[in-house]
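Report on one structure; see the data block that follows.
The values are calculated or read from the model by the stated rules, or taken from the named source; none is laboratory data. These figures come from a predicted structure and were not determined experimentally. Cβ placement follows ideal geometry from the backbone for every residue including glycine, while neighbour counts extend to all protein chains displayed. These area figures cover heavy atoms from the full protein model, side chains too; ligands, DNA and RNA do not enter into them. Shrake-Rupley method; radii C 1.70, N 1.55, O 1.52, S 1.80 Å.
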Amino acid sequence: MDRIITLTTDFGMSSPYVGAMKGVILSINPRARIVDLAHDLPPHNIRHAAFVLAEATRFFPARTIHVAVVDPGVGTARTIVYARIDGRDYVAPDNGLLGRLAARTPPSKIVAVTNRQVCLPRVSATFHGRDIMAPVAAQLSLGLVPDVLGPRREHLVPLEWPEARTLTNRIEGEVVAVDSFGNLITNITAEMLAGVPVDDSVVVQCDEHETLGIFTTYADQPEMTLIALVGSSGLLELAIVGERASAMLAVHEGAKVTVSW
Amino acid sequence: MDRIITLTTDFGMSSPYVGAMKGVILSINPRARIVDLAHDLPPHNIRHAAFVLAEATRFFPARTIHVAVVDPGVGTARTIVYARIDGRDYVAPDNGLLGRLAARTPPSKIVAVTNRQVCLPRVSATFHGRDIMAPVAAQLSLGLVPDVLGPRREHLVPLEWPEARTLTNRIEGEVVAVDSFGNLITNITAEMLAGVPVDDSVVVQCDEHETLGIFTTYADQPEMTLIALVGSSGLLELAIVGERASAMLAVHEGAKVTVSW
Amino acid sequence: MDRIITLTTDFGMSSPYVGAMKGVILSINPRARIVDLAHDLPPHNIRHAAFVLAEATRFFPARTIHVAVVDPGVGTARTIVYARIDGRDYVAPDNGLLGRLAARTPPSKIVAVTNRQVCLPRVSATFHGRDIMAPVAAQLSLGLVPDVLGPRREHLVPLEWPEARTLTNRIEGEVVAVDSFGNLITNITAEMLAGVPVDDSVVVQCDEHETLGIFTTYADQPEMTLIALVGSSGLLELAIVGERASAMLAVHEGAKVTVSW
C-alpha cells in the first residue's frame with residue numbers, strides 16, 4: 001500500500017507554496033498519496049494549528065505521514081523534527097505544533113532533522129516546507145529509516161497551552177480556537193464538566209456575554225441564540241445558532257470563559 | 001478500480017473537520033480515492049449546496065460516492081440518508097441537500113441510515129459527517145450493500161427551491177446562488193428563454209438594476225458593465241464584467257429577477 | 001504509473017466549477033491522479049497566476065499534466081493551447097498564463113486546441129475549463145498524441161510582465177504578486193542584487209515606505225517591522241514580520257519598489 005502523506009499549512013490556496021510542496025513530494029515518490037488536511041489555518045498561529053492537528057490526525061490510519069508547516073521561525077535556530085506519535089509519523093518545525101498530540105500520547109521517537117542529504121540541494125532560508133519537510137516526508141514514504149535524519153531528541157519544544165482551572169462551583173478557562181463556523185472552542189473539557197449540572201442553574205460566561213445551561217447540539221436553541229455545548233472535540237464550545245459567534249460577539253482566542261453553578 | 005469518494009462541505013479548510021472525515025474514511029478503506037469537491041460552501045446554506053452538488057456531481061463516473069455535509073440540524077431528528085441517483089451513490093443529511101439532483105432524476109433507492117454498527121463507536125451530537133457519513137461512505141466503497149444501512153424510504157425531504165414563472169412577455173425569477181466570481185445565478189433556465197429575443201429589446205432587471213440583451217459570454221461586454229447571459233449550468237446569470245456583481249450591486253440570494261420583452 | 005493532472009484555477013472552493021472539472025477528468029480516465037495546485041487565485045489575474053504556475057509546477061515530475069484556468073476571455077477568439085515546457089505538459093488558455101514558464105524555458109511544442117472531438121459533446125461559451133481543458137487533459141493522461149489536438153503554433157501569447165531595471169546604484173522594480181501572507185513579491189531578482197550591499201547602506205523603498213538592509217529570513221527583524229529579503233522564489237520581497245504587509249501598507253500589485261545604495 002502506498003503511503004499517505006497529509007499536508008497541514010497556513011499557506012492558503014492562492015500562492016505557489018502548497019503546489020511546490022506537492023511537486024517536491026511527487027518528484028521523489030510519484031506513488032505517494034497526498035491528502036490535503038487544512039491549508040487555510042490562521043497565519044503563524046501555532047496554537048490553532050496544534051489544535052487542528054490533534055483533532056484531525058488521530059483519525060488517520062497508522063503509518064500515515066503528517067507534514068505540518070506553520071513556521072514563523074523559518075530560517076532561525078528552531079529545529080525541524082520527525083516525531084513518531086501514537087503510530088503515526090510527523091514532520092514539523094519544533095515550535096509547539098505537535099504539542100497537543102504529544103500531551104495526549106508521548107512520542108515514541110523524536111529525531112532532529114539535520115542531515116542535509118535528505119533535503120533539496122539548495123535549502124532556502126524562507127521555505128523549509130518545500131526544501132526540507134516535503135523531501136523528508138517523501139523519503140520516509142519510501143521507507144527511509146528516521147534515524148538517518150539526524151540525532152535523537154528527548155523532548156519536543158512544549159506548546160504554550162493554557163489549562164483550565166477547576167475551583168469550587170466554578171471552572172475558569174478560555175477560548176483556544178475559533179473554528180470555521182465562528183464557534184468559540186474553549187480549553188474546558190468534557191471530563192471537567194462531568195459533575196456540573198447541565199440545566200439552567202449553570203451559567204457560562206464569555207467576556208461580557210453569558211448563557212444558561214449546557215446543551216447537546218446547536219439546534220437545541222433557536223437561531224441567533226448564544227448556546228454552550230460540548231463539541232465534537234470533547235471541549236466546551238460557545239456558538240450562536242446560525243451565525244458566527246466570533247464576529248457577532250467580537251470574541252477572539254484568549255477570551256476568558258467561566259462556567260459557574 | 002478503487003472507488004472514488006467526493007466530499008462537499010461548508011467546513012472550510014481552517015478547521016480539523018475535513019481532515020477528520022478523510023482520516024475516518026482512510027482508516028476504514030485505505031484504498032479509497034478521496035476527491036475534494038467543495039469545502040468553502042456558505043455555512044448552513046442548503047440551497048447553495050444543493051445547486052453545487054447538482055452541477056458538479058453529474059460529471060463524475062457512475063459508482064462515485066458523493067458525501068455532502070451541510071447540516072445545520074446535526075444531532076436533531078433529521079435523518080441521514082443514502083440515495084442512489086442516476087447511477088451514483090450519495091450520503092447526506094436528509095434536509096434538501098439532494099433536492100436539485102432528485103428533481104432531475106428521481107432516486108432509484110433511498111435508505112435511512114439508522115444502523116449504528118456502521119458508524120464510529122461513539123457518535124457525537126455535533127459532527128455526523130465524521131461519525132456517521134464518513135464511515136458509511138468508506139464501507140460503501142468496500143462493497144457494503146446499502147440496505148444494511150437501515151430501512152428503505154420512499155421520498156427525500158424536498159428542497160425549498162423557488163421556481164421561476166413564465167408570463168406573457170415576461171419571466172419572473174430570482175437569484176438562487178452567488179458563485180465564487182460574485183456572479184448572480186438565477187432560477188431562469190435556458191429552456192424558459194427559448195423563445196425570448198436576445199437583442200436589445202429584452203430587458204433583464206435585478207432589484208433596481210437593469211441591462212439590455214442576453215449575451216453569450218462575459219467578454220461580450222466591456223469591463224464594469226452589467227451583463228446577462230446563460231451560464232455553464234444552463235441558467236440565466238447576471239455578471240459585471242471583471243468585477244463581483246454581488247458586491248457591487250449589493251445583491252444577494254433571493255433578489256428578484258425579471259426578463260421582459 | 002498513472003499520470004498526475006494538477007489543477008490551478010481562480011474558481012475558489014464554493015462553486016461547482018472545480019468539482020465539475022474533476023468529474024469530467026475522472027469520467028474519461030478514472031485512474032488519473034488529480035492534484036489541487038491552487039484554487040483561490042485572485043479572479044482573472046493572469047500575472048499572479050503565471051507567477052504561481054512558474055513557481056509551483058517546476059517542482060513536479062516530468063510528464064505531469066498541468067491544467068490552468070484563469071480565463072477572463074472565455075468564449076472569445078482567444079485560443080486554448082497545449083504546450084510542452086521543460087518536460088511537462090500544460091493545457092491553458094493562450095492569454096499569457098504560461099508566460100513566466102515559457103520565459104524560463106521555451107516550449108518544445110505548442111498546439112492550438114481546435115479539435116472539437118476531444119471536447120465534451122456540448123461546449124458552453126463560459127466554461128472551457130470543464131468542456132475543453134479537462135477532457136483534453138484526461139485524454140492526454142491516457143496517451144493521446146498532442147498533435148491530434150489541432151495545428152502547431154510557433155509562439156504563445158506573451159505575458160505582460162514588467163521587468164526591473166538596473167541603474168547606477170539603484171534598481172527600479174515593482175510589486176508583481178502579493179502572496180497569501182500579504183508579503184509583497186517584486187520583480188527584482190537575486191541575480192540583480194548580486195553586487196548590492198546587504199547592510200544598512202542599502203535602502204529599499206516601496207511607495208512611501210522604506211526599510212534598510214536586505215535580510216535572510218523573516219525572523220531577522222522584530223514583529224511589526226518592515227523587512228526586505230530574497231524569498232523562496234529568488235525574488236526580492238517585502239514583508240512585515242508577523243503581519244500582512246499588503247494590508248498594513250495598503251500596497252498592491254504594481255506598486256513601485258526601488259533598491260538604492
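At a glance:
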| item | result |
| --- | --- |
| Odd one out for C:A38 among (1) farther than 23 Å from A:M13 by Cβ; (2) of a type in the set (G, A, S); (3) modelled with pLDDT of 95 or more | (1) |
| In the stretch B:150-169, the residues that are within 30 Å of B:L236 (Cα to Cα), in a loop (DSSP other than H, G, I, E, B), open to solvent by 100 Å² or more (accessible area, probe 1.4 Å) and not polar (S, T, N, Q) | B:H155, B:P158, B:E160, B:E163 |
| Failed criterion for A:D86 (all others in (1) away from chain C (no Cβ under 11 Å); (2) within 21 Å of A:I185 (Cβ to Cβ) hold) | (2) |
| When residues of the stretch C:194-225 are limited to those that are within 13 Å of chain A (Cβ to nearest Cβ) and of a type outside the set (A, V, I, L, M), the one most open to solvent (accessible area, probe 1.4 Å) | C:E223 |
| Residues located in the stretch A:114-149, provided they are open to solvent by 20 Å² or more (accessible area, probe 1.4 Å) and either small (G, A, S) or in contact with a Cys (Cβ under 9 Å, 6 or more places away or on another chain) (or both) | A:S124, A:A125, A:G143 |
| Selection status of A:S108, in contact with a strand residue (DSSP E or B) (Cβ under 8 Å, 6 or more places away or on another chain), within 12 Å of another protein chain (Cβ to nearest Cβ) and over 16 Å from A:A137 (Cβ atoms) | no |
| Residue count for the stretch A:93-114, restricted to those that are over 15 Å from the mean Cα position of the chain (by Cα) and either among the acidic types (D, E) or farther than 18 Å from A:A77 by Cβ (or both) | 4 |
| Exclusive hit being in contact (Cβ under 8 Å) with a residue 12 or more places away in the chain, of a type outside the set (D, E) and surrounded by fewer than 19 Cβ atoms within 10 Å (Cβ to Cβ), set B:G173, B:G182 | B:G182 |
| Tally of residues being in contact with a His (Cβ under 8 Å, 6 or more places away or on another chain) and within 12 Å of chain B (Cβ to nearest Cβ) across the stretch A:226-245 | 1 |
| Qualifying residue in the stretch B:24-44 (condition: more than 28 Å from A:R63 (Cβ to Cβ), away from chain A (no Cβ under 14 Å) and touching a strand residue (DSSP E or B) at 6+ places or on another chain (Cβ under 6 Å)) | no |
| The stretch C:120-143: number of residues that are of a type in the set (G, A, S) and part of a helix (DSSP H, G or I) | 5 |
| Every residue from the stretch B:70-121 that is more than 21 Å from B:D40 (Cα to Cα), in contact (Cβ under 8 Å) with a residue 24 or more places away in the chain and of a type in the set (G, A, S) | B:G75, B:A83, B:G87, B:A102, B:A103, B:S108, B:A112 |
| Residue count for the stretch B:226-243, restricted to those that are at pLDDT 95 or above and open to solvent by 40 Å² or more (accessible area, probe 1.4 Å) | 1 |
| Matching strands (runs of 3 or more DSSP E) fully within the stretch C:13-87 where at least 3 residues are open to solvent by 10 Å² or more (accessible area, probe 1.4 Å) and at negative phi | C:33-38 |
| Residue within the stretch B:95-102 that is within 14 Å of chain A (Cβ to nearest Cβ), open to solvent by 20 Å² or more (accessible area, probe 1.4 Å) and not aromatic (F, W, Y) present | yes |
